[in-house]
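In what follows, a single structure is set out as structure tokens and then discussed.
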Amino acid sequence: MNSHATRERLRRSRGFVFDVDGTLALADRHLNGYQPLPGALQTLALLNQRGTPFVTFTNGSTKTPLQLAHALAKAGFDVDTDRTLTPLSVAVTGFRRKGHRRVLVLGVEGVWRPLVEAGFDIVRSPARTDDADAVLIGWHPQFGLADLDAACRAVWGGAALYTVSSAATLASREGRTLGISGALSAAVRSVTGKRSIVVGKPSMSALKVACEHLGAVPADIAVVGDDPTLENAMALRGGALSVGVHTGLSGAEDFAALPEGRRPHLSLPGVHALLELLR
């Protein structure tokens, strides 16, 4: 699908959404110590030079947007907090719209702190709050039975159930790493029967928040990522240009094996190949 018309659409894009893990950089299995992938620093530098807006959008919730910006800066990326999005960027907007006030959170600081700073009444599991408006599941590597119990009791009490991601795995320097939020939300569903609402990629809410930061509509932006089920699916569903890269979870054969209509518009070895197309 790497046609001339598609490449021209890429060059005319008015904004870019970049996945982080497996697209721009790779971290360790604890999602620390980012190392840029080939061409990543140069691609963002070129967009900065041209004044083309972009955001980095990770489904990870280990870090707040500020902490993510600092971690990327240590790896040489020139990004600020306004251009680092996490699922919590979406959750804050969505929870306000839904009128949620009291939220039970399963997760580390990157999950609960943005909600606290936004003014929500936060209870952190394994503490219980059976009258919560919502339960949000994020990166929570130290989870235990008490966390699962607290979440299920809140759901049984009528709380809406959300997760930052339902992905089973994510890319790291050590290969595939367990997607903890996806595993935990699956556990809660197995007990309560309630399906979680994804606030991160590939939700349309996530695409909407990204577009608001870019000041552009989906048809005028490009979404770059390594996961066919996340960035690629979000872009295609929303009408954005999908650019799949082979440096993370998926290779060229994985993208090629997708059914017609579900393949990315561009399937590239990595962001270094995207850089060549943009020059």
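Before moving on, here are some points about what is shown:
- On Cα atoms only, tilt of 204-214 relative to the major axis of the chain in degrees: 60 degrees
- Computed from the C-alpha gyration tensor, the three semi-axes of the ellipsoid equivalent to the chain are 32, 18, 18 Å, from longest to shortest.
- Directionally averaged shadow of the range 175-221, computed from the convex hull of its alpha-carbon atoms, nm²: 4.8 nm²
- In terms of its Cα atoms, the range 141-279 spans 54, 35, 27 Å along the principal axes, sorted from long to short.
- Working ranking of peptides 130-137, 177-184 by packing, defined as the average number of other Cβ atoms within 10 Å per residue, highest first, is 130-137, 177-184.
- Taking all protein chains into account, the per residue accessible area for the range 162-279 stands at 40 Å² (1.4 Å probe).
- Carbon/sulfur fraction of accessible area - the chain, other protein chains in place, 1.4 Å, %: 51 percent
- Packing-based ranking of 264-276, 239-251 yields 239-251, 264-276, ordered from highest to lowest mean Cβ neighbour count within 10 Å.
- In nm, spacing of pseudo-spin labels at His272 and Gln35 (7 Å Cα→C-beta vector): 1.4 nm
- Computed over protein heavy atoms with a 1.4 Å probe, the accessible surface of the range 1-72 works out to 41 Å² per residue.
- Against the main long axis of the alpha-carbon atoms of the chain, helix 145-156 sits at an angle near 80°.
- About its Cα centre, the dipole of the chain is roughly 500 debye, where the only charges are +1 on Lys and Arg Cβ and -1 on Asp and Glu Cβ.
- The calculated 222 nm mean residue ellipticity attributable to helices in the chain amounts to -11000 deg cm²/dmol, summing -39500 (n - 2.57) over DSSP H runs of n ≥ 4 and dividing by all residues.
- The lysines whose alpha-carbon is closer than 21 Å to the alpha-carbon of Lys208, local same-chain residues fewer than 8 away aside, are Lys98.
- Share of Cα-Cα pairs in the range 1-84 lying beyond 17 Å, as whole percent: 47 percent
- The chain: antiparallel DSSP beta bridges as a percent of all, rounded to 5: 15 percent
- Over the range 129-190: Kirkwood hydrodynamic radius from C-alpha pairwise inverse distances, Å: 12.1 Å
- Our estimate of slack between Gln49 and Ala257, defined as 0.36 nm per intervening residue step minus the Cα-Cα distance, is 71.3 nm.
- Relative to the Cα centre, the charge distribution of the range 1-137, modelled as +1 at Lys and Arg Cβ and -1 at Asp and Glu Cβ, gives a dipole magnitude of about 440 debye.
- Charge dipole of the range 95-241 about the Cα centre (unit charges at C-beta), most positive-ward option of Ser165, Gly215, Phe95: Phe95
- Cα centroid of the range 198-257 to Cα centroid of the range 52-67, whole Å: 14 Å
- For the chain, the longest principal axis of the alpha carbon atoms and the long axis of helix 180-192 meet at an angle near 40°.
The values are calculated or read from the model by the stated rules, or taken from the named source; none is laboratory data. Computed from a predicted structure; not experimentally measured. Using ideal geometry, Cβ is built from the backbone for each residue, glycine included, and neighbour counts are taken over all protein chains shown. Remember, those area values only see protein heavy atoms, side chains included, never the ligands or the DNA or RNA. Shrake-Rupley method; radii C 1.70, N 1.55, O 1.52, S 1.80 Å.
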